[in-house]
1. Looking at (1) open to solvent by 40 Å² or more (accessible area, probe 1.4 Å); (2) in contact with a Ser or Thr (Cβ under 9 Å, 6 or more places away or on another chain); (3) farther than 30 Å from G35 by Cα; (4) hydrophobic (A, V, I, L, M, F, W, C), can you tell me which one V172 breaks?
2. Check L151, L173 and return the single one that is touching a Leu at 6+ places or on another chain (Cβ under 8 Å) and modelled with pLDDT of 90 or more.
3. Considering only residues that are modelled with pLDDT of 95 or more and not in a strand (DSSP E or B), which ones fall in region 1-12?
4. May I ask you to verify whether A67 is of a type outside the set (D, E), open to solvent by 40 Å² or more (accessible area, probe 1.4 Å), touching a Pro at 6+ places or on another chain (Cβ under 9 Å) and under 12 Å from V5 (Cα atoms)?
5. Condition test on F23, is it surrounded by fewer than 17 Cβ atoms within 10 Å (Cβ to Cβ), closer than 22 Å to A164 by Cβ, touching a helix residue (DSSP H, G or I) at 6+ places or on another chain (Cβ under 6 Å) and of a type outside the set (S, T, N, Q)?
6. Return the residue satisfying two criteria in turn: it lies in region 26-64 and is in a loop (DSSP other than H, G, I, E, B) and open to solvent by less than 30 Å² (accessible area, probe 1.4 Å), and of such residues it is farthest from V5 (Cα to Cα).
7. Among the residues of region 42-101, how many are without any contact (Cβ under 8 Å) to a residue 24 or more places away in the chain, within 22 Å of A131 (Cβ to Cβ) and among the hydrophobic types (A, V, I, L, M, F, W, C)?
8. Which numbered condition trips up F83, out of (1) modelled with pLDDT of 95 or more; (2) touching a helix residue (DSSP H, G or I) at 6+ places or on another chain (Cβ under 8 Å)?
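The values are calculated or read from the model by the stated rules, or taken from the named source; none is laboratory data. Computed from a predicted structure; not experimentally measured. Positions of Cβ are backbone-derived with ideal geometry, glycine not excepted, and every protein chain shown enters the neighbour counts. The area values use the complete protein model at the heavy-atom level, side chains included, leaving out ligands, DNA and RNA. Shrake-Rupley method; radii C 1.70, N 1.55, O 1.52, S 1.80 Å.
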Amino acid sequence: MTLAVQHVSKQFGGLMAVADVDFAVNSGEIIGVIGPNGAGKTTLFNLITGVLPPSSGQVVYREQPLASLKPHQITELGIARTFQNIRLFGQLTALENILVGAHCRMKAGLWSGIWRTGSQRAEEAAVREKAQGLLQLVGIGEEADTLAGSLPYGKQRRLEIARALASDPDLVLLDEPAAGMNES
């Protein structure tokens, strides 16, 4: 079992946003969480990814409880996500947004970055190539140098998915990836 959400609840004062959710996701499965607006789907994603702590229950990823971990640590374990409301860095280019997503997998440290060592430059080139490939994968390869904030809404959605994929996740949580998009 890759992910286990075990009797997870989240309460905000008197409001029960998520109540006793229990499910598992195995490798290779595609699972949908459906419900009307306000049903707690985004809150559930926030609980899984460490943005919020559960009021009760637990989230376990590959036999490791996630309750004490911060969101960036959960990303490093292999869980990536998109957001219901797009959260791109609008003043960075599309390519730079993907590079941010890949940062957690880079090995070069502070000193190799300062001194621009050969291994750091090689790693950066490989990550840039991968980022270009992800832009192509989501159909916006020609937008690499465009500021993310100036992209049309649909392209911003695709860029956010590419950024999530840049972290080499084993599990991707897509929070309403088609919200606000039309058929084309």
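1. Result: V172 passes all but (3).
2. It is L151.
3. Those that are modelled with pLDDT of 95 or more and not in a strand (DSSP E or B): none in region 1-12.
4. Criteria met by A67.
5. no
6. The residue in question is G40.
7. Counting residues in region 42-101 that are without any contact (Cβ under 8 Å) to a residue 24 or more places away in the chain, within 22 Å of A131 (Cβ to Cβ) and among the hydrophobic types (A, V, I, L, M, F, W, C) gives 1.
8. Result: F83 fails condition (1) only.
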